[in-house]
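The structure appears below as structure tokens.
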Amino acid sequence: MSTSKKITKSRKTPGKIIRKITWQSFIYLLLISGAMIMLLPFFWMVSTSLKESWQVFSWPPKWIPDPIRWDNYITTFSSLPFGKWLVNTVIITFSTIIGTLLSCTLVAYGFARFRAPGRNALFILMLATMMLPGAVTMIPVFYLFKSLGWINTFLPLIVPSFFGNAFFIFLLRQFYMTIPTELEDSAKIDGLGTFGILWRIIIPLTLPALTTVAIFQFNGAWNDFMGPLIYLSKPDLYTLALGINFFKSQNNVEWNYLMTASVVTMLPSLIIFFIGQKYFIEGISLTGGLKG
């Protein structure tokens, strides 16, 4: 009886293997097709940045430029204050990353470890701020910064990051809740204080989560358009997003140069993501299903 079952099982095995291979092939084909569709606009942008101006709207479109105009990038940098816009964007972006990591780390650790009266109520109140649309607070915040004399400076774009971000605080707090308290108890026995524990134990253990926060903040600040549009009106203070929009609004815009500027603007986001991809995916997977 057992022999007959083994024979039946062995006969079914090739069919199951074929069905499994067919299904996996279908899934891979579907994913590759979706990836190609998603990459099509990016490929068009890169292709357009290397074309002559008269080739941009030619029909049928030429996906491979002929000739390839690498000098479009040189022309873009020389004809626009692109370097100044790039420096402004870098200053704002990395300042906000520093401010976000400092403030969110401290606040999230406090919510995760300190047993203070009203802690849960404050945490719920902080989460409730995420429900407020940005349009609701835009005008009051603008008048606040105007009364401080911060208009046409980078301060309105940088200083708020040093006061925390509700989503990032929630993300880090969920991560800290999974770290055993025994590690901190051992450190206290060895004489470490609160900041020593945070610096020597907690932060090294939470690098994936901190990297995730840094990547999110980088993308948000690097591509921010609304903030610079509201607070910056001097061309010398423009960021890349605002400068490219200013260039696009001009008459007789050269679309190949516009795509060149867009490619250069997008490259840092891709580079940062691929450099921190390992930590980013690990941080998302660890924080995605954590208990509160």
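Note down all Cβ pairs under 8 Å where the first residue falls in the stretch 57-69 and is under 15 Å from Trp255 (Cβ atoms), the second is in a loop (DSSP other than H, G, I, E, B), and they're at least six residues apart or on different chains.
Partner pairs satisfying both residue conditions: Lys62/Lys51; Pro65/Leu50; Pro65/Lys51; Pro65/Glu52; Arg69/Leu50; Arg69/Lys51; Arg69/Glu52.
Quick check on my filter: what residues within the stretch 58-110 are part of a loop (DSSP other than H, G, I, E, B) and of a type in the set (Val, Ile, Thr)?
Correct list: Ile64, Ile68.
For residues in the stretch 141-164 being assigned to a helix (DSSP H, G or I) and among the aromatic types (Phe, Trp, Tyr), which is nearest to Ile97 (Cα to Cα)?
Among those residues, the one meeting the criterion is Phe162.
Just checking, does the stretch 211-221 include any residue being closer than 20 Å to Lys84 by Cβ, surrounded by 14 or more Cβ atoms within 10 Å (Cβ to Cβ) and free of Cβ contacts under 8 Å to residues at least 40 places away in the same chain?
no
Which residue out of Ile179, Ile169, Ile197, Ile201 is farther than 18 Å from Thr89 by Cα and assigned to a loop (DSSP other than H, G, I, E, B)?
Ile179
Quick test of your reading of the structure: Ala116 fulfils all but one of (1) part of a loop (DSSP other than H, G, I, E, B); (2) crowded, with 18+ Cβ neighbours inside 10 Å. Name the failing condition by number.
Here Ala116 clears every test but (2).
Among (1) of a type outside the set (Ser, Thr, Tyr); (2) surrounded by 14 or more Cβ atoms within 10 Å (Cβ to Cβ); (3) under 30 Å from the mean Cα position of the chain (by Cα), there is one condition Leu39 misses while meeting the rest; what is its number?
(2)
For Pro156, indicate whether it is in the same structural domain as Glu184 (by TED's automatic domain parsing) and either touching a Cys at 6+ places or on another chain (Cβ under 9 Å) or modelled with pLDDT of 90 or more (or both).
Against the criterion (in the same structural domain as Glu184 (by TED's automatic domain parsing) and either touching a Cys at 6+ places or on another chain (Cβ under 9 Å) or modelled with pLDDT of 90 or more (or both)), Pro156 qualifies.
From Phe168, Phe123, which residue is closer than 17 Å to Asp224 by Cβ and either surrounded by fewer than 18 Cβ atoms within 10 Å (Cβ to Cβ) or of a type in the set (A, V, I, L, M, F, W, C) (or both)?
Matching residue, one of Phe168, Phe123: Phe168.
Leu155: within 25 Å of the chain's Cα centre (by Cα) and either under 23 Å from Pro268 (Cα atoms) or surrounded by fewer than 19 Cβ atoms within 10 Å (Cβ to Cβ) (or both), yes or no?
So Leu155 fits the description; yes.
Within the stretch 236-292, can you find the residues that are modelled with pLDDT of 70 or more, hydroxyl-bearing (Ser, Thr, Tyr) and crowded, with 16+ Cβ neighbours inside 10 Å?
Answer for the stretch 236-292, where residues must be modelled with pLDDT of 70 or more, hydroxyl-bearing (Ser, Thr, Tyr) and crowded, with 16+ Cβ neighbours inside 10 Å: Tyr238, Thr239, Tyr257, Thr260, Ser262, Thr265.
For the stretch 236-253, enumerate the residues that are in a loop (DSSP other than H, G, I, E, B) and either among the β-branched types (Val, Ile, Thr) or closer than 14 Å to Phe82 by Cβ (or both).
Tyr238, Thr239, Val253
The values are calculated or read from the model by the stated rules, or taken from the named source; none is laboratory data. Small disclaimer: the values here were computed from a predicted structure and weren't measured. Note that we place each Cβ from the backbone using ideal geometry, even for glycine, and neighbour counts take in every protein chain shown.
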